[in-house]
Amino acid sequence: LLWFVPGSLGIFLLWGAIPTVLLPLQVEQLDPANKVANLAIVTTIGALAAMIAQPVAGTISDRARTRFGSRAPFIVGGALIGGAALITLGLASSILLVALCWTLVQISFNVVQGPFSALLPDRVPEAVRGTFAAVIGAMTMVGSLGGVILASLLAGSIPGAYLVLAGAAVTLLTLFAVFTRSGDNRGEP
C-alpha cells in the first residue's frame, strides 16, 4: 500500500503542474498574441494521444510476458521516455515543438498510467481493494494540487521546472516498480 503513494504522486504531480501552470506560461512566452488558440491546439492534440495511449498500453501490458512481469516494463519505460520528453519540452522554442513534446509526454505517461491502474485488480486482495483505491484516489488529488503548487514555485524557470518534474516522476515510478515487482511471468498463459 505504501508504494502506491509515491507511484501515484509520480504521475499526478505532472497532471497538476503542466497543463495548469507550465504549459500555458510556456505557450504565452512563445507567442503572446495567439496564446489561447495555441494552447487549445497543443492540449487537444495531447489529450487525443492520451485517450488512445492509455487503453492500448493497458491492453498490451495484460498480454506482456517478461522476466520483470507484465506491468513494470511499461511503468519504467514510459517514465524514462516521458522524462526525456519533459526535459525536451522545457527547451522547446516553437509551438510545433511544444505540441510534439507534450504529445510524447501524454503518450509516455499514459503508457505508465494504464498498467499502473491495472495493478490494483492484479495484486490487491478484494477485501482491501477499497482501502487501496481510497489511498490512490487521495494521492490523485494530493498529486494534482501539489503539482500546481510546485509548478507555481518553479515557474520562474520553465526548463528547470520540467527537469524537476522529470526527475521526480522517473525516480518515484522506478522505485515503485522495483519495490512492487511481481517477478518473471514468462511461463504464464
### Query
Does VAL76 qualify as being of a type in the set (Val, Ile, Thr) and either in a loop (DSSP other than H, G, I, E, B) or under 19 Å from ALA151 (Cβ atoms) (or both)?
no
### Summary
Checked ALA127, ALA151 against criteria (of a type outside the set (D, E, K, R) and farther than 18 Å from LEU91 by Cα); the one match is ALA127
### Message
Of everything in the range 124-140, what is under 10 Å from PHE4 (Cβ atoms) and touching a residue at least 24 places away in the same chain (Cβ under 8 Å)? Give them in sequence order.
### Response
PHE132, VAL135, ILE136, MET139
## Note on the structure
All-but-one check, SER93 against (1) in contact with a helix residue (DSSP H, G or I) (Cβ under 8 Å, 6 or more places away or on another chain); (2) part of a helix (DSSP H, G or I), failing number (2)
## Note on the structure
Log entry, pairs with first residue in the range 71-83 being under 19 Å from PHE4 (Cβ atoms) and among the aromatic types (Phe, Trp, Tyr), second being open to solvent by 10 Å² or more (accessible area, probe 1.4 Å) and not in a helix (DSSP H, G or I), beta carbons closer than 9 Å, six or more apart or on different chains, reads PHE74/ALA64
### Task
Quickly run through the range 110-125 and pick out the residues that are more than 13 Å from PRO73 (Cα to Cα), of a type outside the set (A, V, I, L, M, F, W, C) and either open to solvent by 20 Å² or more (accessible area, probe 1.4 Å) or outside any helix (DSSP H, G or I) (or both).
SER117, PRO121, ASP122, ARG123, PRO125
### Message
Which numbered condition in (1) open to solvent by 40 Å² or more (accessible area, probe 1.4 Å); (2) at pLDDT below 95; (3) within 15 Å of the chain's Cα centre (by Cα) is the only one that VAL128 fails?
### Response
(3)
### Query
Within the range 142-189, restricting attention to residues that are at pLDDT below 95, outside any helix (DSSP H, G or I) and surrounded by 14 or more Cβ atoms within 10 Å (Cβ to Cβ), which residue is nearest to the chain's Cα centre (by Cα)?
THR180
### Task
Select, from ILE45, ILE52, ILE87, the only residue that is under 17 Å from the mean Cα position of the chain (by Cα), farther than 29 Å from VAL5 by Cα and either assigned to a helix (DSSP H, G or I) or modelled with pLDDT under 95 (or both).
ILE45
### Query
Can you name every residue in the range 69-109 that is open to solvent by 10 Å² or more (accessible area, probe 1.4 Å) and either within 25 Å of ALA133 (Cβ to Cβ) or of a type in the set (Asp, Glu) (or both)?
SER70, ARG71, ALA72, PRO73, PHE74, VAL76, GLN106
## Note on the structure
Residues in the range 1-46 that are of a type in the set (A, V, I, L, M, F, W, C) and under 27 Å from ASP122 (Cα atoms) total 11
### Summary
Selection over the range 26-40 where residues are out of contact with any Lys or Arg (no Cβ under 7 Å at 6 or more places or on another chain) and surrounded by 15 or more Cβ atoms within 10 Å (Cβ to Cβ) yields a count of 5
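The values are calculated or read from the model by the stated rules, or taken from the named source; none is laboratory data. Since this is a predicted model, take the numbers as computed values, not measurements. Note that we place each Cβ from the backbone using ideal geometry, even for glycine, and neighbour counts take in every protein chain shown. The protein model used for the area step is the full one, side chains on, heavy atoms only, and it has no ligands, DNA or RNA in it. Shrake-Rupley method; radii C 1.70, N 1.55, O 1.52, S 1.80 Å.
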